[in-house]
Each structure stands twice: as structure tokens, then as C-alpha cells.
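All of the numbers you see were taken from the coordinates with simple rules; none came from a lab. Worth saying up front: this structure is predicted, and the values here are computed from it rather than measured. Positions of Cβ are backbone-derived with ideal geometry, glycine not excepted, and every protein chain shown enters the neighbour counts.
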Amino acid sequence: MTASSSAGGLPPAANTRTIMLGLALVGFLAGFWAWGLISPLAPSYAAKFQLGAFETSILVAVPVLVGSLGRIPVGALTDRYGARTMFPLISALTIVPVLLVGFMGTSYPLLLVFGFLLGLGGTVFAIGVPLVNAWYPPERRGTAIGIFGIGMGGTAVAAFTTNPLAEAFNTKAPFVVVAIVLAVYAVVGAIFLRDAKPPARQEGTMLGRFWTTFRQPVTLQLSFLYTVAFGGYVAFGVYMPTFLVNSYGIDQSGAAMRTAVFIIVAVACRPIGGWLSDKWTPIGTLLVCYSGVAITALGASFHPHILPTLIPIGSVVFLVMAVCLGAASGAVFALVAALVPSDRVGAVTGVVGAAGGLGGFVPPLEMGALYTSTGNYRIGLLGLALAALVAVVFTQAVFGGSKFATRKQSVGD
């Protein structure tokens, strides 16, 4: 029985897949909204609990760690049970840590524990990619997965709304709103979500399948590329409010709003990266984007000499960086769609997504430690520039040409 015929009166396949893409995007956005709740409040937590720069960086990075590593089992479970089961389940489970952070996060240790659990919201990425990938033909997957990637703008929603809601009502309000959104989505997803085809029968244990996926060169190659692209986006998304407060003396609300703009630009450019990959090649798109990241990170590292003020010079530099990071993230998953068989996309997405998230976990810790020891972030930004430059060389050396973007190569090749 096909997905459309089992869908209880859903429109024909072309419209059905658009609906599934929309539902996946909303679920991704809701999960990332929850995932990003702590970052906008980090300066106020730091003041309330008298935290240093490194302690604050740990607080904002902990959800990233779980949201990253959790993608590995969630992606594998999606291959086994389907997105129709996993999306509502993970959305419902995420409600618990959201409310724990909002109502019981009364000390730094408790915030760390509940923030750890809050990382569950970041795992929904590994559910949505295989869902969307299965619904779309190969020539449209880059664009479709890029559109799905707009859901990472949930962190922008968190940046825009968390402080205003806390100021207008109380500090619990943002968490209550997100819990309601997740509950509504869990119900809607359970009713309307459909997998394009029944989940394939999985042989062996989950650990065995993970190891088979992990040890393939293409998985590790894509993981590195996504570590630089999405890792850079996540790192700035969670740490930029603290960075702007310390570097430019901006107040907490202003820093959160500027961070939201950075996130929105990156999110908007993710589908553009997927579209360029479909129309051009993922390889060319990645080379241009990583080069842009290297140049802008190098320029930003010379603050306050080259970037003495955020407006206008610094703003332009960071916005161009956001464009490049967002488009590169979309291009990497266009490459995933080109290289990986559909019945393995969940497992590979889990590993690649975990690598990208972990790429966003380490830099905030590094930046906090560097600021504590040096009083600036120059070395960290130079590190990003170097990583992007290595990604340029790596992309050209390993993939070499468009044959890897156009030929369907099995993960087991």
C-alpha cells in the first residue's frame, strides 16, 4: 500500500509530499525552538548565579551536546520505525525538559542537568531528513531538504521571543509557550504525518548498523564538511549573545535580537544552498561558501582593529558569514541525498548531524575559555577561518568534481 493510498483521503502524491515537507519543517522548527531556549537567557543566568564566561559557555553548550549525539540513535530509530512514529514521540518527550528548565531550573547544577535533557529537541533533525528525502525524487532533494532546513530557524524564534515573553509576563512564560507548541505538534503529527513507504526491515542490532554506517568513508567525509558548516552556525547561534555583550557592550535584549537576525539569514540561505546544489553542483557551492566563511572569520578576528563597531562593518561581516554557513549546510545535505541510499539516510543523517552539532558544542567552550584568559575572541575566530580553509582544500581533494554529486553511490561502496 502506498503512502498516498493509506493516507486517509490525503491529496495526490505531489501535494502530499508538499504537506509532509511542511509538517517536517514545523516539527523541526518546534524542536529547535525548544533546543534554543537557554541561550537567550544565558546573560541573565550568568548574573543570577554569578557565573564566569567559561561556566556560561558550558550552560549554553550542554543542550548542543545531547542534541548532537542523540541524532545517532534517533536517526537509526527513524529508519526502523518511520518518521510518523518518531516525530510525535520526540516532540512529546521534549515537553518534559522544557518545563523542567522553566519551572525547576533554580540553580546552576539543575540548569545543567535539565539543559542536558533539553538537547532532545535538537534530535528532530535526524527524523525530518529521511522523511523528506523519501518523498522527493533525486533531482529535487537538495532543494526540498534545504527548505526543510528552514526549521533550524527555531533558534531564531527562541532568540526573538524568549526575553520579550519573560519581560512581559515572567521567566516561565517562554517555556510554557514552547511546551504548548510541542504538544499541539505531537497531536497534529500523529494524525497527519505519513512515511513515503513503510520503513525497511533492519537487519542486525542498532549498534552493528551504526558501526557499519560510521566506518564508511563517505559518512566520515560528509561529517567533516557538516562539522564546519552547521557547527559554525550552531556555535554562533548559541554563543553570539554572550559574544556581542562582551565584545561590543550591547545589552542582553539587543544581543538576542542581533543573534536572531544572524540565525534568520543563515536559515534563509540553507534552501538556497540546496537549490544551488541541484542547479549547479554541491561541490562548487561548498567551495564558494567555505571560502566566504574563511574570509569573514579572518576579518572578524581582528576586532577591534578592523571591526571597531558592530554597525555597519561588523554587521556586514557577520551577515556574510551567516549566508555562507547557511548555504553550506544546505549543500552538504544535498550531497547526502546524492550519495546515500534512501533506506540508510536516517542512519547517515544521524551521524552527520551529530558531527555538525558537536562542531557547535566545542567552540562556545573554547570561546569562553579564551575570553577568560585573553579578554578577547581572536584566536577562536582564527580557528574558524582555518577550519573553513581546510574544508575548501578537503572538498576539492576528496570529491574533486561533480561525479560525486551526480552519481548515486552506495554507502557500502
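What the table shows:
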| read-out | value |
| --- | --- |
| Global form of segment 309-401, assessed from the alpha-carbon gyration tensor, a/c cut-off 1.5 | prolate |
| Table column - 3J(HN,Hα) (Hz), segment 171-185, Karplus curve with 6.51, -1.76, 1.60, x for Gly and Pro | 5, 7, 4, x, 6, 5, 4, 5, 4, 5, 4, 5, 5, 4, 5 |
| Label corresponding to Cα Rg over 2.2 N^0.38 Å when calculated from the structure given, among (1) 0.93; (2) 2.66; (3) 0.98 | (1) |
| Relative contact order for segment 74-153, counting Cα pairs under 8 Å that sit 6 or more residues apart, in percent | 35 percent |
| Value in Å of the Kirkwood radius, where segment 241-342 supplies the Cα pairs that are averaged | 14.4 Å |
| Cα gyration tensor category, rounded, prolate or oblate, for segment 223-284 with a/c compared to 1.5 | prolate |
| All Cα pairs of segment 57-134, percent lying beyond 20 Å | 34 percent |
| Among Ser301, Ser107, Ser291, residue whose mean-square fluctuation peaks in a GNM of the chain (springs only between Cα atoms under 10 Å) | Ser107 |
| Cut-off under 5 Å, modelled amide H: who pairs with Ser301 long-range | none |
| The chain: relative contact order as a whole-number percent, Cα under 8 Å and 6+ apart | 27 percent |
| Top of Gly368, Gly52, Gly189 by mean-square fluctuation, Gaussian network on the chain, Cα under 10 Å | Gly52 |
| Prolate/oblate/rounded call for segment 154-289, Cα gyration tensor, a/c under 1.5 rounded | oblate |
| Sparse-neighbour loop sites [trypsin sites (Lys or Arg not before Pro); segment 311-403; at most 15 other C-beta within 10 Å; DSSP] | none |
| For segment 73-79, 3J(HN,Hα) per residue [Karplus equation, 6.51 cos²θ - 1.76 cosθ + 1.60, θ = phi - 60°, Hz, x = Gly/Pro] | x, 5, x, 5, 5, 5, 4 |
| Choice from Ala334, Ala24, Ala168 with maximal GNM fluctuation in the chain (Cα, 10 Å cutoff) | Ala168 |
